Structures are given as structure tokens and as C-alpha cells.
Amino acid sequence: MKDISLNIFNLPLETCSLNPLTGFFRNGCCDTGREDVGSHTVCAIMTEDFLLFSKTRGNDLITPRPEYDFKGLKPGDRWCLCALRWKEAYLAGCAPFIIPEATHKAALRYIDLEILIQYAHQDRDVAPDE
């Protein structure tokens, strides 16, 4: 069962990505619920640095997995990340930008709002100030 679909601003949750199709419920949104123990709530824009970081942590998001209908991710793709994986990447200095309007408010259980806003995508190629 899904939690109420609200973003970090307490507004209706926007779609993260339909291509590739993302989300714990594979509905394109970073919805969450009791079944989502990983809290796939952060809508992030993939970067090569993050994808390589995630792979070193045992979560290979690059390699296609046809048995799961997963084509693999590439830089620029949007994907609903586990909140704690995003925070781990943040602490390691390689967190990707996020789409705050598509990031579920449940992410705030793990990550401060101010940090998420600092990483809000604003059509810029510059890394956020640390």
C-alpha cells in the first residue's frame, strides 16, 4: 500500500521518469509504502560518478538485467534512489542532483530538507557547494 504521494514541499508528487520506468511500484514516481524497505524516494539525475559509486557499494545500476526488464542506467537518466544510498553518496562527495518536486517527502526521514534543496537540479552543470 502506497503512502500519500507528496513531495518534500508537501505538494503533489511529480513524475520522476517513465523512460526508464522508475519507482518502487514502477509507476514512474518515487512513491513509497510499507513494502519499500529501501525507501526509494529520492528522484535523482544519474551521473557517471554516482553510478560507479553505487556499483562499488554492491548496487550495479549500469549493467542491463533483462530478467528484470532493466536496461541499465546511464548519466542523465532520472531514477528513484534509496534515501540512504543518496545520503551515503552525499557523505562521500558524489551525490547526484535531485528533482525536489519528484522526491517523496518520506526522504526527509533520512535527509535534511536543506541538503536536498542544495542539490536541487537547476539546469546547471556545476556541482553544488559543499
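The values are calculated or read from the model by the stated rules, or taken from the named source; none is laboratory data. Since we're looking at a predicted model, the values are computed, not measured. We place every Cβ from the backbone using ideal geometry, glycine too, and count neighbours over all the protein chains shown.
The set of residues in region 1-26 that are in contact with a strand residue (DSSP E or B) (Cβ under 6 Å, 6 or more places away or on another chain) and crowded, with 19+ Cβ neighbours inside 10 Å comprises L13, C16, S17, T22, G23, F24.
Identify, please: which residue in region 78-99 is of a type in the set (F, W, Y) and under 10 Å from the mean Cα position of the chain (by Cα) and is, among those, nearest to N19 (Cα to Cα)? I'd like the intermediate steps shown before the answer.
Going through region 78-99, the residues of a type in the set (F, W, Y) turn out to be 79, 86, 90, 97.
Now restrict to residues that are under 10 Å from the mean Cα position of the chain (by Cα): 79, 86, 97.
Details: W79: 9, W86: 21, F97: 18 Å.
Ranking the qualifying residues of region 78-99, first place goes to W79.
Scanning region 1-58 for residues that are assigned to a strand (DSSP E or B) and of a type outside the set (A, V, I, L, M, F, W, C) gives K2, N7, P12, G33, H40, T41.
Note on region 59-77: residues that are in a loop (DSSP other than H, G, I, E, B) and either of a type in the set (D, E) or within 18 Å of A89 (Cβ to Cβ) (or both) total 10. When F24, F70 are checked against the criterion of being within 15 Å of the chain's Cα centre (by Cα) and of a type in the set (F, W, Y), F24 stands alone in meeting it.
For region 45-73, taking the residues that are within 17 Å of G28 (Cα to Cα) and of a type outside the set (D, E), the one that is surrounded by the fewest Cβ atoms within 10 Å (Cβ to Cβ) is identified as Y68.
Considering only residues that are basic (K, R), in contact with a strand residue (DSSP E or B) (Cβ under 9 Å, 6 or more places away or on another chain) and modelled with pLDDT under 95, which ones fall in region 37-90? Scanning region 37-90 gives a single hit, K71. Scanning region 91-109 for residues that are surrounded by 21 or more Cβ atoms within 10 Å (Cβ to Cβ) and out of contact with any strand residue (DSSP E or B) (no Cβ under 7 Å at 6 or more places or on another chain) turns up just one, A95.
Going by the conditions given, is C80 part of a loop (DSSP other than H, G, I, E, B) and closer than 18 Å to H121 by Cβ?
Details: part of a loop (DSSP other than H, G, I, E, B): no; closer than 18 Å to H121 by Cβ: yes.
So C80 fails the test.
A search for C-beta distances below 8 Å between a residue of region 19-35 that is farther than 12 Å from D3 by Cα and in contact (Cβ under 8 Å) with a residue 60 or more places away in the chain and any residue that is outside any loop (DSSP other than H, G, I, E, B) and basic (K, R), counting only pairs 6+ apart in sequence or on different chains, returns nothing. Within region 74-90, the set of residues being surrounded by 15 or more Cβ atoms within 10 Å (Cβ to Cβ) and either in contact with a Pro (Cβ under 7 Å, 6 or more places away or on another chain) or of a type outside the set (D, E, K, R) (or both) comprises D77, W79, C80, L81, C82, A83, L84, W86, A89, Y90.
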